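The values are calculated or read from the model by the stated rules, or taken from the named source; none is laboratory data. Note that the coordinates shown come from a computational prediction; the quantities given were computed from them, not determined experimentally. A quick note on method: Cβ atoms are made from the backbone with ideal geometry, for glycine too, and the neighbour counts reach across all protein chains shown.
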Amino acid sequence: MKVKRQVKADGVTYSTCSACNGQGSVMRVTNTILGRMQTATTCGTCQGAGETISSKPNGSDAQGLIVKEETVSINIPAGVTEGVQLKVGGKGNEAPGKNSISGDLLVLIEEVQHETLKREGTNVHFDLYINLSEAVLGVSKEVQTLTGKVKIKIESGTQSGKILRLKGKGLPSIERYGTGDFLIHINVWTPQELNKEQRQFFEKMKSDDNFTPSPKKSDKSFFEKVKDMFS
């Protein structure tokens, strides 16, 4: 990534501060009723740096620094979360002086919402829409996961709201506590417009026993599915 940082300008030179002899502080002696007291204070000439600028090129600031854009490589670990702060040593602003140490570059991670995937910790959620015929007859679908395409089988009679869990296909934990799951939420799409033939078929099926809702004990409620999703 490209960053702008302060660096020492080419041609800037520094010399030892004559006021503090490079110590960065000066001793003050004060006479009191208790005797003479010595206190160390920051040198007012070099502001504690121990050095002063001998010469600086045009365009640099009072400390001989300029702003320069550089390309910095950042290692972003897998599973990193929103708000995590990464530190790149020595890639912050340079400090004035011959033997100064550069600061660090702090990178704050900000997540951008994915178009089709939703993150929940290390788990990843995906909404898969199938039509009514596919739900009734069953179908095989290809789903794009984080690590590649996976073929899943949807059994005949699958109800809308069913969750398929692909173990270990989610995000790795940044604390190295394992890998999350990829959860596929099945949504059965109900047709909103029917032609005459289709309408007649569904009118006929209204009173058919196979079209009468009869959930089994094994068919979990919405709240049970949510509970399983977070377990």
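Numerical summary
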| read-out | value |
| --- | --- |
| Single match in Thr39, Thr45 (criterion: assigned to a strand (DSSP E or B) and either hydroxyl-bearing (Ser, Thr, Tyr) or assigned by TED's automatic domain parsing to the domain that holds Ser102 (or both)) | Thr39 |
| Qualifying strands (runs of 3 or more DSSP E) (wholly inside the stretch 128-174; at least 3 residues being among the aliphatic types (A, V, I, L, M)) | 148-154, 163-166 |
| Condition check for Gly157: surrounded by fewer than 16 Cβ atoms within 10 Å (Cβ to Cβ), within 30 Å of Val80 (Cβ to Cβ) and out of contact with any strand residue (DSSP E or B) (no Cβ under 9 Å at 6 or more places or on another chain) | no |
| Residue match in the stretch 87-100 (condition: surrounded by 13 or more Cβ atoms within 10 Å (Cβ to Cβ), without any contact (Cβ under 8 Å) to a residue 24 or more places away in the chain, among the β-branched types (Val, Ile, Thr) and not in a loop (DSSP other than H, G, I, E, B)) | yes |
| Out of Glu69, Glu82, sole residue that is farther than 30 Å from Ser173 by Cβ and among the acidic types (Asp, Glu) | Glu69 |
| Matching option when the condition is under 30 Å from Thr122 (Cα atoms), in contact with a Ser or Thr (Cβ under 9 Å, 6 or more places away or on another chain) and at pLDDT 85 or above, among Gly11, Gly89, Gly64 | Gly89 |
| Residue within the stretch 61-68 that is of a type in the set (Asp, Glu), surrounded by 12 or more Cβ atoms within 10 Å (Cβ to Cβ) and in a loop (DSSP other than H, G, I, E, B) present | yes |
